[in-house]
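One structure is given here, and the rest of the page talks about it.
The values are calculated or read from the model by the stated rules, or taken from the named source; none is laboratory data. From a predicted model like this one, the values you see are computed outputs, not experimental measurements. Note that each Cβ is placed from the backbone with ideal geometry, even for glycine, and that neighbours are counted across all protein chains shown.
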Amino acid sequence: MDKVRKRILIIYTGGTIGMVKTDRGYAPQREAFHRLLDGIPELKSAEMPEWEIVDMDPLLDSSNMTVTEWNAIGSVIADHYDRYDGFVVLHGTDTMAYTSSALSFTLRNNRKPVILTGSQIPLCELRNDARDNLITAMMVAADDRVHEVCLYFGGKLLRGNRAVKYSADDLIAFDSPNYPPLAEAGIEIRYNTSLLLPPCRGSFSLQPLKNVPIGVIKVFPGIQFELFDAIMTEKLKGIVIETFGAGNIPGSADALLPIIRKASENGTVIIVCSQCPHGTVALGAYETSTALKSAGAVSGYDITTEAAVAKLYYLFSRKLSRDGIMERMERSLRGEISV
Ligand code: ASP
């Protein structure tokens with residue numbers, strides 16, 4: 001019996017993959033990209049899933065992505081959810097890990113593959129990484145074993161909310177420092193099936209995100225915390241603090257703690273992450289971090305900053321109390337932290 005071909009929806013958001021040379025440098029262009037896709041014979045092969053493409057408007061360099069665009073991409077997926085077996089989101093590399101993190105949270109009870117990909121060199125160039133990334137992402141999006149939002153790039157399939165962009169110019173531009181790749185594409189695509197999320201049982205829905213004020217503060221030797229007092233205590237609803245090592249801050253007791261205490265009393269949620277790409281925050285392991293906890297901060301454990309930001313947007317967009325948000329920040333909702 002013939003195998004039924006899977007149906008994939010490609011959502012083209014912009015990014016280098018579809019850019020062409022213009023007088024002002026590379027920029028995304030819809031018609032030119034569609035012509036280039038038409039010229040890839042593999043996309044017409046019977047071994048490929050059937051596919052259709054939807055273009056976002058406007059097409060963006062991903063540096064310009066905001067919560068509004070994340071919601072728009074989520075809506076396209078939600079509107080077409082029942083008609084397709086999987087989704088490929090073509091996206092710029094600069095903020096792809098933020099978008100893959102955001103979608104992993106907003107697509108509630110998702111059980112279909114949603115694969116973000118892009119390229120470092122546009123498809124219009126003779127030598128490019130766009131073609132391979134696109135074809136492999138489409139194959140992954142047609143695979144029954146994948147039930148989550150992933151990022152595929154340069155031979156590695158990564159959990160979307162574990163990925164980080166770590167190279168501005170290598171063709172293997174993404175890594176997942178605290179979680180192994182879900183699959184590696186060599187001669188074959190080899191899945192690490194034990195690492196994949198199981199399918200969700202509840203019914204699928206989209207949680208649109210609110211544009212709540214979120215901030216990221218990276219500590220550094222000599223940081224003058226008092227300069228951050230006003231934004232931390234009055235303006236921001238959620239703050240990701242990128243601390244040293246396992247969650248340590250300089251001169252903690254003097255300057256930062258009263259600010260954190262005041263921010264917490266104002267309802268702000270403060271998440272402690274590490275500046276180290278690999279490893280986990282362990283609040284309380286050192287004197288310098290114990291104080292953070294007692295002042296009202298919560299541990300992000302080994303979450304990436306990208307996922308912490310997206311998760312804060314997501315939790316603040318649901319009707320949750322501050323305690324409810326803090327409790328969820330410290331546990332894994334979509335495989336984003338190892339606790
Ligand atoms: N600036 C581009 C973007 O993120 C870079 C890329 O796609 O590689 O849209």
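Listed by first and then second residue, the pairs with beta-carbon distance under 7 Å, at least 6 apart or on different chains, first residue in segment 67-91 and acidic (D, E), second assigned to a loop (DSSP other than H, G, I, E, B) and surrounded by 18 or more Cβ atoms within 10 Å (Cβ to Cβ), are D85/K6; D85/K112; D85/A142.
Taking the stated definitions as given, is R111 in contact with a Pro (Cβ under 7 Å, 6 or more places away or on another chain), in contact (Cβ under 8 Å) with a residue 12 or more places away in the chain, of a type in the set (K, R) and surrounded by fewer than 23 Cβ atoms within 10 Å (Cβ to Cβ)?
Details: in contact with a Pro (Cβ under 7 Å, 6 or more places away or on another chain): yes; in contact (Cβ under 8 Å) with a residue 12 or more places away in the chain: yes; of a type in the set (K, R): yes; surrounded by fewer than 23 Cβ atoms within 10 Å (Cβ to Cβ): yes.
Considered against the rule, which asks whether it is in contact with a Pro (Cβ under 7 Å, 6 or more places away or on another chain), in contact (Cβ under 8 Å) with a residue 12 or more places away in the chain, of a type in the set (K, R) and surrounded by fewer than 23 Cβ atoms within 10 Å (Cβ to Cβ), R111 comes out as yes.
Which of the following residues is assigned to a loop (DSSP other than H, G, I, E, B), within 16 Å of the ligand (Cβ to nearest atom) and either touching a Gly at 6+ places or on another chain (Cβ under 6 Å) or hydrophobic (A, V, I, L, M, F, W, C) (or both): I187, I172?
I172
For residues that are surrounded by 18 or more Cβ atoms within 10 Å (Cβ to Cβ) and more than 17 Å from the chain's Cα centre (by Cα), scanning just segment 142-182, find the one that is farthest from V89 (Cα to Cα). For segment 142-182, the residue satisfying everything is D143. Among the residues of segment 55-67, those that are more than 13 Å from the ligand (Cβ to nearest atom) and not acidic (D, E) comprise T66, V67. Set side by side, the residues G86, G74, G15 differ, and just one is in contact with a helix residue (DSSP H, G or I) (Cβ under 6 Å, 6 or more places away or on another chain), within 14 Å of the ligand (Cβ to nearest atom) and under 30 Å from L312 (Cα atoms), which is G15. Could you tell me whether segment 34-54 includes any residue that is β-branched (V, I, T), within 14 Å of E125 (Cα to Cα) and within 16 Å of the ligand (Cβ to nearest atom)? The answer is no; no qualifying residue exists.
Given the condition touching a strand residue (DSSP E or B) at 6+ places or on another chain (Cβ under 7 Å), closer than 26 Å to W70 by Cα and not aromatic (F, W, Y), answer yes or no: does some residue in segment 256-263 qualify? No, segment 256-263 contains no residue that is touching a strand residue (DSSP E or B) at 6+ places or on another chain (Cβ under 7 Å), closer than 26 Å to W70 by Cα and not aromatic (F, W, Y).
Just name the residue that is farthest from the ligand (Cβ to nearest atom) out of those in segment 89-102 that are over 20 Å from M48 (Cα atoms) and of a type in the set (A, V, I, L, M, F, W, C).
Among those residues, the one meeting the criterion is A102.
Residues that are more than 23 Å from P177 (Cβ to Cβ), in a helix (DSSP H, G or I) and within 16 Å of the ligand (Cβ to nearest atom) within segment 103-161 comprise A130, R131, D132, L134, listed in sequence order.
Can you tell me which of S264, S274 is in contact with a Gly (Cβ under 8 Å, 6 or more places away or on another chain) and at pLDDT 90 or above? Matching residue, one of S264, S274: S274. Of the residues G222, G267, G284, G247, the single one that is free of Cβ contacts under 8 Å to residues at least 24 places away in the same chain and at positive phi is G284. Among the residues of segment 57-75, the ones that are surrounded by 18 or more Cβ atoms within 10 Å (Cβ to Cβ) and farther than 25 Å from L171 by Cβ come to 5 in all.
Could you pull out the residue among F225, F244, F220 that is more than 28 Å from E148 (Cβ to Cβ) and surrounded by fewer than 15 Cβ atoms within 10 Å (Cβ to Cβ)?
Values: F225 fails: surrounded by fewer than 15 Cβ atoms within 10 Å (Cβ to Cβ); F244 fails: surrounded by fewer than 15 Cβ atoms within 10 Å (Cβ to Cβ).
Exactly one of F225, F244, F220 is more than 28 Å from E148 (Cβ to Cβ) and surrounded by fewer than 15 Cβ atoms within 10 Å (Cβ to Cβ), namely F220.
Quick check on F228: is it part of a helix (DSSP H, G or I), over 23 Å from L209 (Cα atoms) and of a type in the set (F, W, Y)? So F228 passes the test. Taking the numbered list (1) free of Cβ contacts under 8 Å to residues at least 40 places away in the same chain; (2) within 16 Å of the ligand (Cβ to nearest atom); (3) in a loop (DSSP other than H, G, I, E, B); (4) of a type outside the set (D, E, K, R) in turn, P180 passes all entries but (2). Identification of strands (runs of 3 or more DSSP E) wholly contained in segment 1-95 with 1 or more residues that are hydroxyl-bearing (S, T, Y) yields 7-14, 19-22, 25-28. Quick check: anything in segment 250-258 closer than 29 Å to S176 by Cα and over 27 Å from the mean Cα position of the chain (by Cα)? Within segment 250-258, one or more residues are closer than 29 Å to S176 by Cα and over 27 Å from the mean Cα position of the chain (by Cα).
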